[in-house]
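FYI, it's all coordinate maths here, none of it is from the lab. From a predicted model like this one, the values you see are computed outputs, not experimental measurements. Virtual Cβ from ideal backbone geometry, glycine too; neighbours counted across all protein chains shown.
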Amino acid sequence: MGEWALKNLQRGAFRGTIYAINPAYEHVGDFRSYASLGELPERPDLVIFALGDQRVEAALDEAIALGVPAAVIMSSLVLDDDANPPLKERVRQKVNAAGMLVCGANGMGFYNVRDRVWACGFDSTGHTPPGNISIISHSGAGMSGVIDCDERLQINFAVSTGNELSVSMDEYLDFVLDLPETRVVGLFIETARNPAGFRAALEKAARRRIPIVALKTGRTASAAELAVSHSGAMAGDDAVYEALFERYGVQRATDQDEWASTLILFAELHPVGNGGLVSLHDSGGERQLLVDLADAAGVPLTELQPETVAALEQLLPPELPAVNPLDAWSRGGEDASEYMARCFAVLTSDPGAALGAVLHDRAPDGEVYQSYLDYLQYARQRSNKPVALVAARQGTGHDPTVISMTHAGYPVLDGVWSFLGGVRALFAYRDFQQRTAEAPPAVNAQTVQTWRQRLRAAGTLDEVAALAMLEDFGIETSKPLLADSAETLAAAAAQLGYPVVLKTAMPGILHKTEHDGVVTNLKDESDLLASYARIASKLGPKALVAPMIRTGSELFLGVKRDPQFGPVILIGFGGILAETIGDVTFALPPFSTHDARRYLDTLKLRPVLDGIRGAEPANIERFCQLAARFSAMVHALRDDIAEFDVNPLIVHADGAVAVDALAIAAGSKTSG
């Protein structure tokens, strides 16, 4: 580690003074070796600790005593038979008390390529400043495995943040967003140790229109075991990050290949406009595979305009169809390269083409045919559209031609699936930047204060109280009435008018259907009282009665409180579908009606709301208005709500009505 730390500072052409500290030697490499920090002729700005865990603490104490402002600690800070508090916690306390900036511990250091400071103790490849990609990674291998294995990525800054003893990911992110060369940022993230700062940094990136590509681990983390509501059971940690990334336009990669490809596309491509993908092939089989993979990846393929089809038919032999994706190779010949280039230029010139790709395999030994590169340049000169060359299988990111073409704005990539992941991210970020800005609904301050007090006093709001709360925030409900005897129940039903719904209202029964405590479509008093007698004898006398709501689609609104980012809203199909199919999307509050429509449109069952087989279409606009009001309510009471279910919320042709609800206050015993 110590040897490579010195080598890296030299390879990065560090412009300042380097001191080696090792009491066992008079010289280390080309450097005079000092016995301790205290013997140095000046106080260093940064100390790189290439030491074992058993020696770090004493060396750190010396650095702190000298007033050294910054350090890199790469060791794990774990000792056998350690004292209490353990080494890592002792070091954390010391560096924070001293106000020292520490990269690590348990990381691989950092590369400030633009400023020529390579503070890493592991073998490295070359990096040429200034670069245009910043990498911030909780994983050391996640950083080095990308930046040291592919020269197509031009790095301006990369850091392995490790345990983040004093500097967290959001602070690094805030820093790289201010670097003028940064075109895209890659995050390899396990968790946000400073959630508020992380969210602020993401907002800054969105405001500055700098895309972020995240590789987030923990997709399969289970939901909270002690959740009471359906929302709590469905919204695990990963769902919250999905909502966070959606809010700020962060694009998510599935693996490191896709992560790297996406970063290259964002960093090097000509700007991407509206439309879909067009691609040129020299293989019918690979062309067909691209169709399947694009569909699975969610990447739209451009449907060619009639004038494009006509122009291609003038070029193509009759046995090849003029379609996208286009297999244009058939008979070869001396003019084949020129012919292929012209076909690609026609494809990319289509009004619906946002991006053009030549999907040809690499030449023997992993090389790239010059003619393929000619296709790219010819097409972009004529269409002014971004273009890329993609091989079906992995090539090399160290080929000089591949590197020079990529850095010239013609990315040469490998692996169709990872390329399509990058294209999906490009299109999604383009759409994010084009979103309509609309403010979320306003809320009444007095209403917020009233319900804050009630939540804190009650802990749990039963159905009647939770529905009353929704009414106060402008969300239409079934307005149930309470009763505790046959007489009061009959009077309430007469006031509402038949048919009615009867439900138990006994305290502690949160999910009434699971206790056989709900009876629907009671048409008269006789049916009502008979059902009440059965429920009261089994569960107790308290009940509620509500009018039957006309048939419609059952949707669901919910809230789960995340310990890092606060409330997250769930939107999905309700009733039993909320528990079985789980067709749910997640969003951070507050949001607008327009945003709610975008969230709703992501659901798999969304076409059902348009009316199927003669059914009336649901009033989607009304539901989205109520969802936006719900989000505004939750945001206003974000410190007071732990969980909230509105299930079902029935949406029919004329409107939307919440017919059941449950609210759990933050900090209540019921919420776990």
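Treating each Cα of the chain as an identical point scatterer and ignoring solvent, apply the Debye formula and state log10 I(q)/I(0) at q = 0.06, 0.08, 0.11 Å⁻¹.
-0.48, -0.77, -1.11
Figure the gain on full extension for D178 and D484 (residue separation times 0.36 nm, minus the Cα-Cα span) and round it to one decimal in nm. List each step's numbers first, then the result.
Details: separation 306, 0.36 × 306 = 110.16 nm, distance 6.44 nm.
Contour length minus the Cα-Cα distance gives 103.7 nm.
Loop only per DSSP, at most 15 neighbouring Cβ atoms within 10 Å: give me the GluC sites (Glu not before Pro) in segment 30-127, ordered by residue number.
E42
With no solvent and one equal point scatterer per Cα, compute the Debye intensity ratio I(q)/I(0) for segment 120-177 at 0.12, 0.15, 0.24 Å⁻¹ and report its log10, rounded to two decimals.
The calculated log intensity ratios at q = 0.12, 0.15, 0.24 Å⁻¹ are -0.27, -0.42, -1.03.
Rank-order 252-258, 464-470, 20-26 by packing density, defined as the average count of other C-beta atoms within 10 Å over each peptide's residues, highest first. Intermediate results must be reported in sequence, preceding the final value.
Numbers: 252-258: 18.9, 464-470: 21.0, 20-26: 13.4.
For the peptides 252-258, 464-470, 20-26, the packing ranking is 464-470, 252-258, 20-26.
Considering only DSSP beta bridges where both residues belong to segment 94-167, give the percentage that are antiparallel (nearest 5). Please list the in-between numbers first.
Values: 6 of 11 bridges.
Restricted to segment 94-167, the bridges split so that about 55 percent are antiparallel.
Using modelled amide H (1.01 Å from N, peptide plane; none on Pro or chain starts), what sits under 5 Å from the amide H of V72, excluding residues fewer than 5 places away?
The answer is V47, I48, F49, C103.
Taking Rh as the Kirkwood radius computed over C-alpha pairs, what is the Stokes-Einstein D of segment 479-548 at 37 °C in a medium of viscosity 0.692 mPa s, expressed in µm² per second? Spell out each step's value before the answer.
Details: Rh = 11.5 Å.
It diffuses with D of about 286 µm²/s by this estimate.
Give me the number: length gained by fully extending V518 to L315, i.e. 0.36 nm times residue separation minus the C-alpha to C-alpha distance, one decimal in nm.
Values: separation 203, 0.36 × 203 = 73.08 nm, distance 6.95 nm.
Contour length minus Cα-Cα distance gives 66.1 nm.
Could you calculate, for segment 579-668, the ratio of the Cα radius of gyration to the Kirkwood radius, expressed as Rg to Rh?
Numbers: Rg = 14.0 Å, Rh = 14.2 Å.
Taking Rg over the Kirkwood Rh, I get 0.99.
Rounded to the nearest angstrom and ordered from largest down, what semi-axes does the equivalent ellipsoid of segment 432-476 get from its C-alpha gyration tensor (root of 5λ)? Walk me through the numbers before you get to the answer.
On the way: eigenvalues 160, 30, 23 Å².
Three semi-axes, in Å: 28, 12, 11.
Under a crude label model (7 Å from the Cα following the beta-carbon direction), how far is I18 from V608 in nanometres?
6.5
Short version: ³J(HN,Hα) in whole Hz for each residue of segment 557-562, in order, from phi by Karplus 6.51 cos²θ - 1.76 cosθ + 1.60 (θ = phi - 60°), x for Gly and Pro, what are they?
10, x, 9, 10, 8, 8
What is segment 479-548's relative contact order, in percent, from Cα pairs under 8 angstrom and six or more apart in sequence?
Values: 121 pairs, mean separation 35.4, N = 70.
Once normalised by length, the contact order is 51 percent.
How big, in percent, is the set of alpha carbon pairs in segment 63-165 lying more than 22 Å apart? Could you put the intermediate results ahead of the total?
On the way: 1878 of 5253 pairs.
That tail contains 36 percent of the Cα-Cα pairs.
Roughly speaking, what is the stretch gain from Q381 to D361, that is 0.36 nm per residue apart minus the C-alpha to C-alpha distance, in nm to one decimal? Mind showing how you got there, number by number?
Details: separation 20, 0.36 × 20 = 7.20 nm, distance 2.33 nm.
In short, 4.9 nm is gained.
Taking 8 Å as the Cα distance limit and 6 or more residues as the minimum spacing, I'd like the relative contact order of the chain as a percentage. The partial results should precede the final answer.
On the way: 1385 pairs, mean separation 67.3, N = 672.
That works out to 10 percent.
Taking the Cα centre as origin and putting +1 on Lys and Arg beta-carbons and -1 on Asp and Glu beta-carbons, what dipole magnitude results for the chain, to the nearest 20 debye? Intermediate values should be presented prior to the final figure.
Working: 57 positive and 84 negative charges, 320 e Å.
Its charge dipole is roughly 1540 debye.
Out of all DSSP beta bridges with both ends in the chain, state the antiparallel percent to the nearest 5. Spell out each step's value before the answer.
Values: 49 of 93 bridges.
Here the antiparallel bridges make up roughly 55 percent for the chain.
Can you spot the aspartates and glutamates whose alpha carbon is less than 18 Å from K538's alpha carbon? Ignore those fewer than 8 places along the same chain.
List returned: D484, E514, D516, D527.
Provide the percentage of antiparallel DSSP beta bridges, counting only those with both residues in segment 269-433; round to the nearest 5.
Details: 0 of 16 bridges.
Antiparallel bridges make up about 0 percent of those DSSP assigns within segment 269-433.
Cα gyration tensor of segment 517-672, axes a ≥ b ≥ c as square roots of the eigenvalues: rounded (a/c below 1.5), prolate (a/b > b/c) or oblate?
On the way: a/c = 2.28, a/b = 1.21, b/c = 1.88.
Oblate.
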